[in-house]
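Computed from the coordinates by the stated procedures, all read-outs in this text should not be read as laboratory data. Quick caveat: nothing in here was measured; it's all calculated off a predicted structure. Backbone-built Cβ (ideal geometry, glycine too); neighbour counts: all protein chains shown.
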Amino acid sequence: MRTSRRALLGTAASGALALGFGAGAPARAEGRSVRVAVLLYDGFTALDAVGPYETLCRLPGVRVVTVARRAGAVRTDTGQLALTAERSLADVHAADVLVVPGGGNHGMVAALDDTVLLEWIRRIHRNTTWTTSVCTGSLLLASAGLLKGLPATTYWAARPYLQKLGAVPAPGRFVETGRIITAAGVSAGLDMGLHLAARLCDEATAKAMQLAIEYDPQPPFDCGSPQKADEATRQLALKLVEGGAARAAGPML
C-alpha cells in the first residue's frame, strides 16, 4: 500500500510529540500561551523574521503573531516577497517576547525615523520577558533607547552605526544582556531562536526543535563572517545586498 507524503509527515510529527516534545513548558504550567510578536515593516529582511518564527511557532504553549503598522501584506527588502501581518500595531498592546528583524538600507532608514514604530517598541518592551532583534533590528532597539551602554550585536557592516546609537558592539552569534537578546546577521536569528526556545521551554525541547527543522549547518564555504572573508568577498557581499534593494525600488514585472 502506498503511503502519501502528507501521511508520512504526519506520522513523523506525531512521533516527535510522542518523544516528549515540549515536556515542562512553563506556558502550559501557567495555563496560558506565551505571546510572541514578530514585527514587520516595509523593507524588512525575510529570514530575519522567518528564522526565529520557525524555531518558535511549533513550541507547545507558544503563540506567534506577526505585527505591522497595518494588518496585511508587508514587502521585504527585495520587494519580491511579502509576508502577511496578522495584527496592526494598534491591536497589540503586550507580548511576552518581541522579535525585531533587520532590513535593507531603504527600509531601515525609514523605520529609524518612524516615531510611531519606535514608541510601540518601547511600550511593548516595558512588559516583555524577552526583547530580541536579528541583524540590523538592533539598530531599532537602540534608536528606541533600549541598548544605551549595553553589549549588543548586529550585522557586521552595521556595527559602527550600532555604536553611534549608544550600544556597545560585542562579538558572538547572539548576545544576551538581561532580558534583551540581539542576534548578528540574518542566519544568526536561527541560533537565537533555538536559544530562546530553551529559555521558553527547556533544553530538551530546543534540541528537538533543532532536529525538527533539521538545522545542521555545513556550508560549502568557510566565509560566513567578516573575519573569515577576504576584502574582495566583503565588498561583493555588500554590493549583493545593495543590489537587491535597488531591484526592489524598480518596476515589478
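Could you name the lysines in cross-link range of residue 148, using Cα to Cα under 20 Å and dropping any fewer than eight places away on the same chain?
Cα-Cα hits under 20 Å: 164.
How large is the Kirkwood hydrodynamic radius of region 135-253, counting all unique pairs of alpha carbons, in Å?
Details: mean 1/r = 0.0624 Å⁻¹.
For region 135-253, inverting the mean 1/r across all distinct Cα pairs yields 16.0 Å.
Counting alpha carbon pairs within less than 8 Å and at least 6 residues apart, what relative contact order, in whole percent, applies to region 95-177? Before the final figure, lay out each step's value.
Details: 128 pairs, mean separation 23.3, N = 83.
Once divided by the residue count of region 95-177, the mean separation gives 28 percent.
Between residue 65 and residue 215, how high is the FRET efficiency from 1/(1 + (r/R0)^6) when r is the Cβ-Cβ distance and R₀ = 25 Å? Nearest 0.05. Present the calculation step by step, with values, prior to reporting the outcome.
Working: r = 23 Å, r/R0 = 0.92.
E between residue 65 and residue 215, to the nearest 0.05, is 0.60.
Would you mind getting me the FRET efficiency between residue 113 and residue 33? Use the beta-carbon distance for r and R0 = 45 Å, nearest 0.05. List each step's numbers first, then the result.
Numbers: r = 34 Å, r/R0 = 0.75.
Computed FRET efficiency for residue 113 and residue 33: 0.85.
How big is the C-alpha Rg of region 187-230 next to the rule-of-thumb value 2.2 N^0.38 Å, as a ratio?
Numbers: Rg = 12.9 Å, N = 44, 2.2 N^0.38 = 9.3 Å.
In units of the 2.2 N^0.38 Å rule of thumb, it is 1.40.
Using all alpha carbons of region 33-105, what is the percent of pairwise distances in each 5 Å bin, ordered from the shortest bin to the longest?
So the P(r) values, bin by bin, are 4, 18, 29, 26, 16, 6, 1, 0.
Any chance you could run the full-extension gain for residue 90 through residue 157? It's 0.36 nm times the residue separation minus the Cα-Cα distance, nm to one decimal.
Values: separation 67, 0.36 × 67 = 24.12 nm, distance 3.29 nm.
20.8 nm is the gain from fully extending residue 90 to residue 157.
Hey, what's the Kirkwood Rh for region 66-118 if you take every pair of different alpha carbons, in angstrom? Display every interim value, and only then the final one.
Values: mean 1/r = 0.0833 Å⁻¹.
With all distinct Cα pairs of region 66-118 included, I get 12.0 Å.
What's the center-to-center distance, using Cα atoms, between region 125-197 and region 32-87 in Å?
So the two Cα centres are separated by 17 Å.
Among the lysines, select those whose C-alpha is under 22 Å from the C-alpha of residue 239, and discard any that sit fewer than 8 residues away in the same chain.
228
Let's see if you can work this out: charge +1 on each Lys and Arg Cβ, -1 on each Asp and Glu Cβ, no other charges. What is the dipole magnitude of region 58-196 about its Cα centre, in debye to the nearest 20? Display every interim value, and only then the final one.
On the way: 14 positive and 9 negative charges, 28 e Å.
Its charge dipole is roughly 140 debye.
PRE reach from residue 223 (point 7 Å along Cα→Cβ): which of region 187-202 fall under 20 Å by backbone N?
Within reach of a label on residue 223, which here means backbone N under 20 Å from a point 7 Å along Cα→Cβ, region 187-202 contributes 187-188.
Return an integer: the convex hull volume of the alpha-carbon atoms of region 45-194, in Å³ per residue. Let's see the in-between values first.
Details: hull volume 15.2 nm³, N = 150.
Roughly 101 Å³ of hull volume per residue.
Could you tell me which trypsin sites (Lys or Arg not before Pro) in region 60-147 are loop residues by DSSP with no more than 13 other beta carbons within 10 angstrom of their beta carbon? Mind showing how you got there, number by number?
Working: sites: 63, 69, 70, 75, 87, 122, 123, 126; in loops: 69, 70, 126.
Taking region 60-147 and a limit of 13 other Cβ atoms within 10 Å, the loop trypsin sites (Lys or Arg not before Pro) found are 70, 126.
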